[in-house]
Every structure is written in structure tokens, then in C-alpha cells.
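Asks: Dumping the structure here so I can ask a few things about it.
The values are calculated or read from the model by the stated rules, or taken from the named source; none is laboratory data. Please read all numbers here as calculations on a predicted model, not as lab measurements. Don't worry about glycine lacking a Cβ; one is built from the backbone with ideal geometry, like all the others, and counts go over all protein chains shown. The area values use the complete protein model at the heavy-atom level, side chains included, leaving out ligands, DNA and RNA. Shrake-Rupley method; radii C 1.70, N 1.55, O 1.52, S 1.80 Å.
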Amino acid sequence: PRRISDGFETACKVACDHLDTISDEIKFDKEDISALVEVARTTLSSKIVTRCLDHMSDIAVKAIMAVADLDRKDVNLDLIKMEGRAGGQMEDSQLVYGIVLDKEISHPGMCKDIKDAKMCILTCPFEPPKPKTKHTITVDTAEKFEALHKQEQEYFVEMVKQVKDCGANLAICQWGFDDEANHLLMQAGPPPARGGGPPA
């Protein structure tokens, strides 16, 4: 076994030395990626994306360069994710530097375009706390209803204030927002977005 392993190591060294003699060195940096784009075009030329080969090659190279550690000559491919969407054409594909949240603003009157977003991600329901024990509350007068509504609104106002004070201009809650919360958040500023289940 020792001789076999030594033989493999010797063969590996001979193969690497031969590769060094026949290989070409491609010079590139983050400003000049034309050589890498040509390599990507050659690689993708046999794939289904030949219809928009230049566009896809450019996206592929820019995605790699965005996460590549050139000093260590390492690329963490886990930092790159491909997301497909129904509709549109292949030419509509684009590279997004950052993250994509497939959520919708829960109030139709709020702005849909938010630049330099600072998100407040809530993993708890945006509503007054509920007792964990079973109970029955009887509201038999208008005064009691007004008191209950006032207390609930005060709780909502405090929650909205906390979201606003933390500097967020977008609130995301995995459990969604009810009409009262939507109304108060619309007045305060941070647009609420519906969540889509528990956080990953």
C-alpha cells in the first residue's frame, strides 16, 4: 500500500508539471473581466441559454466576482443563489447584489419603491398579547368597548413607535398585519410587508 500511494503522488506531480507546461495564464482583475466573460461564453455555448449568451455570461462572471476572494483564490458558491419566476423572458434575467424578498406591501396605499431600506423583521405577531389561558370577556356597554379599543390602540401605537425609533423604514412580520396595524404604520411611515411563514 505504501508503494501504491507513493506512486499516485509521483504521478500527480508529473501530471501537474505537465499541465504547467501546456497551460496559459489569463490575466484579469475586478475591473477587467473580459477574459472571464469569454471563458463563460465558451462554457455556456452548448447550453440552452445560447439565445442570450452574452447576457448570461456577463451575469455569471459578475456573480462570481462579487463573492470571490481573490487573495485566497476561493469562491463560496453558497453565497450565490438562482431564483426563477414565472413569466417574462430569458432576457429579463438580472443580477441582484444583495437579497430578494418575495413579499408584498400589505397596504395598497403605501409606496412600493423603497431605497436604502432598513428592515425591521418581526418574528412575533404584531398585535396585543393574548393570554395563554382560556377566558371569557363580556363587553356589554359602549363604554367598555371604547375602553377595550383604546387600550388595544395604545398597544399598537407603542409597537409602531418602537419600530419607528429603531430607524426602520420597512417592517416585515411573519404573521402579517391586521387592519389597525396597517393604518397606524401607514400614518407613522414604515411600510408593512406580509411575511411568508416562520423565518429560515
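Asks: Binning at 5 angstrom from zero up to the longest distance, how are the C-alpha pair distances of region 78-128 distributed in percent?
Replies: With 5 Å bins starting at 0, P(r) equals 4, 9, 19, 20, 22, 14, 7, 3, 1, 0.
Asks: Nothing charged except the Cβ atoms of Lys and Arg (+1) and of Asp and Glu (-1): what's the magnitude of the dipole of the chain about its Cα centre? Round to the nearest 20 debye.
Replies: Working: 25 positive and 34 negative charges, 110 e Å.
Using Cβ point charges on Lys, Arg, Asp and Glu, the chain gives about 520 debye.
Asks: Could you work out how much longer the chain between LYS144 and ALA68 gets when fully extended? Use 0.36 nm per residue separation minus the Cα distance between them, nm to one decimal.
Replies: On the way: separation 76, 0.36 × 76 = 27.36 nm, distance 6.26 nm.
Result: 21.1 nm gained on full extension.
Asks: Here's a follow-up. Could you list, in their original order, any pairs among LYS62/LYS103; LYS62/LYS112; LYS27/LYS73; LYS132/LYS164; LYS47/LYS81; LYS112/LYS150 whose Cα atoms are separated by more than 21 Å? Don't skip to the end; give the middle numbers.
Replies: Numbers: LYS62/LYS103 26 Å; LYS62/LYS112 27 Å; LYS27/LYS73 14 Å; LYS132/LYS164 29 Å; LYS47/LYS81 19 Å; LYS112/LYS150 31 Å.
Among LYS62/LYS103; LYS62/LYS112; LYS27/LYS73; LYS132/LYS164; LYS47/LYS81; LYS112/LYS150, the Cα-Cα distance tops 21 Å for LYS62/LYS103; LYS62/LYS112; LYS132/LYS164; LYS112/LYS150.
Asks: Carbon and sulfur together cover what percent of the accessible area of region 66-132 at a 1.4 Å probe radius? Please list the in-between numbers first.
Replies: Working: 3040 of 5940 Å².
The C+S portion of the solvent-accessible surface of region 66-132 is 51 percent.
Asks: I'd like the accessible area for THR10, computed on protein heavy atoms only with a 1.4 Å probe and all protein chains in place. Round to 10 Å², please.
Replies: 90
Asks: Accessible surface of ASP165 in the full protein assembly, 1.4 angstrom probe, to the nearest 10 Å²?
Replies: 100
Asks: Tell me, in nm to one decimal, what length is gained between SER45 and GLU154 on full extension, where the rule is 0.36 nm per residue of separation less the Cα-Cα distance?
Replies: Values: separation 109, 0.36 × 109 = 39.24 nm, distance 6.20 nm.
My answer for the length gained is 33.0 nm.
Asks: Rounded to whole Å and ordered largest first, report the semi-axes of the equivalent ellipsoid of the chain derived from its Cα gyration tensor (root of 5λ). Present the calculation step by step, with values, prior to reporting the outcome.
Replies: Values: eigenvalues 640, 102, 47 Å².
Square roots of five times the eigenvalues give 57, 23, 15 Å.
Asks: Tell me, what is the FRET efficiency for ALA15 and ASP54 to the nearest 0.05, using R0 = 35 angstrom and their Cβ-Cβ distance as r? Each step should come with its number before you reach the end.
Replies: On the way: r = 35 Å, r/R0 = 0.99.
My answer for the efficiency is 0.50.
Asks: How many Å³ per residue does the convex hull of the Cα positions in region 26-106 occupy? Please list the in-between numbers first.
Replies: On the way: hull volume 10.2 nm³, N = 81.
Dividing the Cα hull volume of region 26-106 by its residues yields 126 Å³.
Asks: Rank these residues by their accessible area, most exposed first, probe 1.4 Å: PHE177, PHE156. Could you put the intermediate results ahead of the total?
Replies: Working: PHE177 25, PHE156 0 Å².
The residues order as PHE177, PHE156, largest area first.
Asks: Let me ask you something else. In Å², what does the accessible area per residue of region 7-47 work out to with a 1.4 Å probe?
Replies: Details: 3510 Å² over 41 residues.
Here the residues of region 7-47 average 86 Å² of exposed surface.
Asks: Normalised by the number of residues in the chain, what is the relative contact order in percent for Cα pairs under 8 Å and 6+ residues apart?
Replies: On the way: 175 pairs, mean separation 36.9, N = 200.
This gives 18 percent for the chain.
Asks: Note the full-extension length gain between LYS132 and ASP102 as 0.36 nm times their separation in residues minus their Cα-Cα distance, in nm to one decimal.
Replies: Working: separation 30, 0.36 × 30 = 10.80 nm, distance 3.26 nm.
Taking 0.36 nm per residue and subtracting the Cα distance, the gain is 7.5 nm.
Asks: Positive end of the charge dipole of the chain (Lys, Arg +1 and Asp, Glu -1 on Cβ, about the Cα centre): tell me which of VAL61, ASN182, ILE22 has its Cα farthest that way.
Replies: ASN182
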